[in-house]
Amino acid sequence: MNWLKKIFKKTPQWISEEERLKVIEQSSKQVSRGVFFATIIIITSFLPVFMLTGQEGKLFHPLAYTKTFIMIMDALLVITLAPVLISFFMKGKFRPDNANPVNRILERIYEPIIKGVLKWRKTTIAINVIALVITIPLLKSLGSEFMPPLDEQSILFMPVTLPDISNAEAKRILQVQDKIIKSVPEVEKVLGKAGRASTATDNSPSA
C-alpha cells in the first residue's frame, strides 16, 4: 500500500509563487545595472563614428544612430518586458549554475582573472588609462583619412530627350554632349548611345 500512496501523494512545491516572483524581481534588478553600464559603454564606443564628417559621416552615421537606438530600446525591454516574460515561462525547479559543465569551465577561467584585477586595481586602471590616452591622437585623423576616396572610374549619364526627336537631331545632341564631357581633363574616353533597346534588361533605357 505504500507504493500506492506514493503515486497519489502530491509532490510539494519547490517554492511558493510569491517567492518565485521575488527571486525574479531581485534577479532583474541585479541584471539591469549590468545592462545599463554595458549599454553606456557600447554607445560611448560609437562616439568616434559620430565625429566623422563629409563622405565618411554620411556613410557611417546611419549605422551609429541605428545601433544606438537599438541598444537604448534593448535596455528598456530588459528592465520592463523581460521580467514579465520570465514570470510566465520560467516555472518549476531549476538546476544550479554550477551543474552546467560549460559554466564550470567558464568560471574556472573567469575567477582567476577577476581575482587578479581586483588584487592589482591601480595597475588595471593605469593600463586602461594609458590605452585611452594613446587613442587620443588618432582622433585628429578621423574624417580625413578614415577611408580612401571612392573612384569608380566610370560614370553612366542618361539624359532624356523629347519622344518625337528625329534620328539626326539625336545624333547631333549626342555628339555635342560627348564633346563637352571629353573636354574635362579627368575624362579619358566617352561612349555615347542613342535610342533604347527593346528589352527590359537594358541598364540605360532612356533615349
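Using the Cβ-Cβ distance between Leu106 and Glu17 with R0 set to 41 Å, the FRET efficiency from 1/(1 + (r/R0)^6) comes to roughly 0.80. Spin-label pair Asn167-Leu85: with each label point 7 Å from Cα along the Cα-Cβ axis, the two points sit 6.7 nm from one another.
Estimate the FRET efficiency between Ile70 and Ile24 by the formula 1/(1 + (r/R0)^6), using the beta-carbon distance for r and 30 Å for R0, to the nearest 0.05. With a Förster radius of 30 Å, E is 0.75.
Here the Karplus curve 6.51 cos²θ - 1.76 cosθ + 1.60, taken at θ = phi - 60°, turns the phi angles of the range 119-135 into couplings of 6, 10, 5, 5, 5, 4, 5, 5, 4, 5, 5, 4, 4, 5, 5, 4, 7 Hz, with x standing for Gly and Pro. Distances between every pair of Cα atoms in the range 40-143, grouped in 5 Å steps from 0 to the bin holding the largest one, split as 2, 9, 10, 10, 12, 15, 16, 12, 8, 4, 2, 0 percent.
Just so you know, all these numbers are worked out from the coordinates, no wet-lab data involved. If you're wondering where the values come from, they're calculated on a predicted model, not measured in any experiment. Backbone-built Cβ (ideal geometry, glycine too); neighbour counts: all protein chains shown.
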